[in-house]
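Comments concern the structure below.
The values are calculated or read from the model by the stated rules, or taken from the named source; none is laboratory data. Note that the coordinates shown come from a computational prediction; the quantities given were computed from them, not determined experimentally. Don't worry about glycine lacking a Cβ; one is built from the backbone with ideal geometry, like all the others, and counts go over all protein chains shown. Side chains are part of the model used for accessible areas, which takes the heavy atoms of the whole protein and leaves out ligands, DNA and RNA. Shrake-Rupley method; radii C 1.70, N 1.55, O 1.52, S 1.80 Å.
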Amino acid sequence: MARGGEGVADAYEQHLADHERDRRRAQGSFYTPPALVDWILDRALPATPGATVLDPACGTGHFLVAAARRLGVRAVHGSDLDPEAVRIARERLQALDPGVAADEIERQVVLADGLTAWEGRTFDAVVGNPPFLGQLRRRSAGQNEEHRRALGAYTDTSAVFLHRALDLVAPGGVVALVQPLSVLAARDAGPVRRAVAERGTLTDFWCSDRPVFEGTPVLTCVPVVRVGAGPGPDPDAWGRLAAPTFGIPVAPLAAGAAGAGTVGDLADCTADFRDQFYGLAPFVRDRLPGGTPLVTTGLIDPAESRWGRTATRFARVRYDEPSVDLAALRADGALARWADARLVPKLLVAGQGRVIEAVADEHGAWLPSVPVVSVVPRDRADLWRLLAVLLAPPVVAHAATRYLGAGLTPGSVKVSARQVAALPLPADAGAWAEGADLARQAQHAGEDERPGLLVATGRVMTAAYGAGDDVLDWWAGRVRRRTDDSAAGAGSAPA
Ligand SMILES: C[S@@+](CC[C@H](N)C(=O)[O-])C[C@H]1O[C@@H](n2cnc3c(N)ncnc32)[C@H](O)[C@@H]1O
């Protein structure tokens, strides 16, 4: 048994962990649990004699050693930028098969940038756990400029490795690289997801709802891609792969709502930015008689505004009733047109939460505070229909799935103005009309009746989209928890 080599690898990783946290962070060196290595190899390695495998960021060689046990030392190839890790990886392989010449192993495991090494070569499988590095730290990790330019400056290094790997496997070969969960939805990983869709199929998918790499809270996944067959998964729907892991029911929206249009067909969805935030600040007062309510995200609940009942913060100041001095704002001029455009019947949508939180401003009397999204129906008659859509459980599940990995907490819903505009409308007009009526009743109801009416709205809207009870139950659980949260937080300032 090659215990000596294994011990050295463990010791080196412990050394990295104990003494070189910073360097480890800079290089993205977090090592892969053996069970996950086995899971990946089970799916990636062909049984054919003579098959070859590459780990382009091999570290001390966990994947290489495990693959060599299955295929023989001559089958495995690796690269890494860390000389000590490369030395250890070579030593472990040598210990596994002393019959292989040292210079042969040196050619198989090289000190090199995995994004540029191996040019012109192909393998039967590319596996491993490439570094996860955001834009800032990337320089230290080396990079393939050509790939970078093709993919965009903000693409995570791990996704660049995935993209590169598609070129390094022969047709029929498999790429299985550990990725951060953000690969599912990050806009900057879009070109990589598209390349996967064009060049392969997804044959398997692993993900975890808790961190599995010691020393980092990053959530991870492993898309297993067979290159050469196609077409692969919709680049905009990778979140579906991970939805079951996070308990999100995958709503059959695409089928149910095909052709029914989107929120953007009925309304203008807009967010405000710095100009409005800083422009408004001098005109906000607390409890200004006759002032115009300023509604922050913390004050928006499903079909409910807590303005005047819950304190909130604006520009770091706590307000019981944040109000805009509209006369002074208009006299000042800069935001006068903005305020007039906003003071119309609309929905106000909080960007992020357990569900989509939206409330109707039926009299057009409130101003939104950044980052609240305003949804202004082109026909006022659509106001409550649009509220019903934003309360609809399948729409919330769709948004939670679609943006899984992009939000702060997986499973929470985070929608921008553009994303609200893209939410699908229901196909069943009758159920939708009923849902709109219930949504209006829910907003007009008192505290006691509202929860029941919200669930009734959710039930009817679930039917309007042709979805099942699992979606309703999931949503109702989240609305309930969200209501408990606000009750617990009532009177205090939301963060
Ligand atoms: C997360 S570790 C994974 C190691 C190995 N795959 C494992 O799981 O045991 C990532 C490795 O990538 C290496 N690395 C960082 N940038 C690299 C690059 N451009 N080319 C090759 N290796 C790189 C680091 O030195 C580190 O050893």
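Remarks
- Accessible-area value, Glu104, 1.4 Å probe, nucleic acids and ligands omitted, Å²: 50
- Estimated vicinal HN-Hα couplings, Hz - region 297-311 in sequence order (Karplus 6.51, -1.76, 1.60; Gly, Pro = x): 4, x, 9, 9, 10, x, 6, 7, 10, 9, 4, x, 10, 10, 6
- Only helices enter this figure: runs of n ≥ 4 DSSP H residues, each worth -39500 (n - 2.57), summed and divided by the residues of the chain, yield -12000 deg cm²/dmol at 222 nm to the nearest 500.
- Radius, Kirkwood style, for region 392-435 when every pair of distinct Cα atoms is counted (Å): 11.4
- Shown is the FRET efficiency for Trp39 and Ala445, computed with R0 = 56 Å from the Cβ-Cβ distance and rounded to the nearest 0.05: 0.65.
- For the chain, the longest principal axis of the alpha carbon atoms and the long axis of helix 450-464 meet at an angle near 60°.
- DSSP-defined antiparallel bridges as percent of all bridges, the chain, nearest 5: 70
- Arg481 contributes about 120 Å² of solvent-accessible surface, heavy atoms of the protein only, 1.4 Å probe.
- Phe205, Phe123, ranked by accessible area, largest first (probe 1.4 Å): Phe205, Phe123
- Taking only the C-alpha atoms of region 350-480, Rg followed by Dmax gives 13.9, 37 Å.
- Gap separating the Cα centres of region 32-48 and region 337-415, nearest whole Å: 44
- Evaluated at q = 0.08, 0.09, 0.13, 0.17 Å⁻¹, the base-10 log of the normalised Debye intensity for region 3-246, with identical point scatterers placed on the Cα atoms, takes the values -0.27, -0.34, -0.74, -1.33.
- Here the spin labels are modelled as points 7 Å beyond Cα on the Cα-Cβ line, and at Val218 and Asp188 they lie 1.2 nm apart.
- Heavy-atom surface of region 3-246, accessible at 1.4 Å and reported per residue (Å²): 42
- Between helix 62-71 and the chain there is an angle of about 60 degrees, using the helix long axis and the longest principal axis of the Cα atoms.
- Of Ala467, Pro46, His398, farthest towards positive along the dipole that unit charges on Lys, Arg, Asp, Glu beta carbons give the chain: His398
- Modelled spin-label separation between Glu84 and Phe277, with each label point placed 7 Å from Cα along the Cα-to-Cβ direction: 4.2 nm.
- Placing a label point 7 Å from the Cα of Ala456 along the Cα-to-Cβ direction, the residues of region 286-318 whose backbone N falls under 17 Å of that point are 303-304.
- A convex hull fitted to the Cα coordinates of the chain yields 163 cubic angstrom per residue.
- Modelled this way, with points 7 Å down the Cα-to-C-beta line, the labels at Val344 and Asp97 are 7.2 nm from one another.
- In Å², nearest 10: area of Tyr12 left accessible to a 1.4 Å probe: 20
- Protection-proxy order for peptides 415-422, 327-334, each taking the mean of Cβ atoms within 10 Å per residue, highest first: 415-422, 327-334
- Computed from the C-beta positions of Arg74 and His15, the FRET efficiency with R₀ = 30 Å rounds to 0.50.
- Remark: the Glu362-Thr122 segment gains 80.2 nm on full extension, using 0.36 nm per residue and subtracting the alpha carbon distance.
- Whole-Hz ³J(HN,Hα) from phi, Karplus 6.51 cos²θ - 1.76 cosθ + 1.60, for region 322-336, glycine and proline x: x, 9, 9, 7, 5, 4, 5, 4, 5, 5, 5, x, 3, 9, 4
- Working from Cα pairs under 8 Å separated by at least six residues, relative contact order for the chain is 12 percent.
- Of the accessible area of the chain, computed with a 1.4 Å probe over protein heavy atoms only, carbon and sulfur atoms account for 51 percent.
- If only the Cβ of Lys and Arg carry +1 and only the Cβ of Asp and Glu carry -1, the dipole of region 3-246 around its Cα centre is close to 440 debye.
- Accessible-area order (highest first, 1.4 angstrom probe) of the listed residues His363, His77: His363, His77
- Taking 4.7 Å between beta carbons as the limit, the unpaired Cys residues of the chain are Cys58, Cys269.
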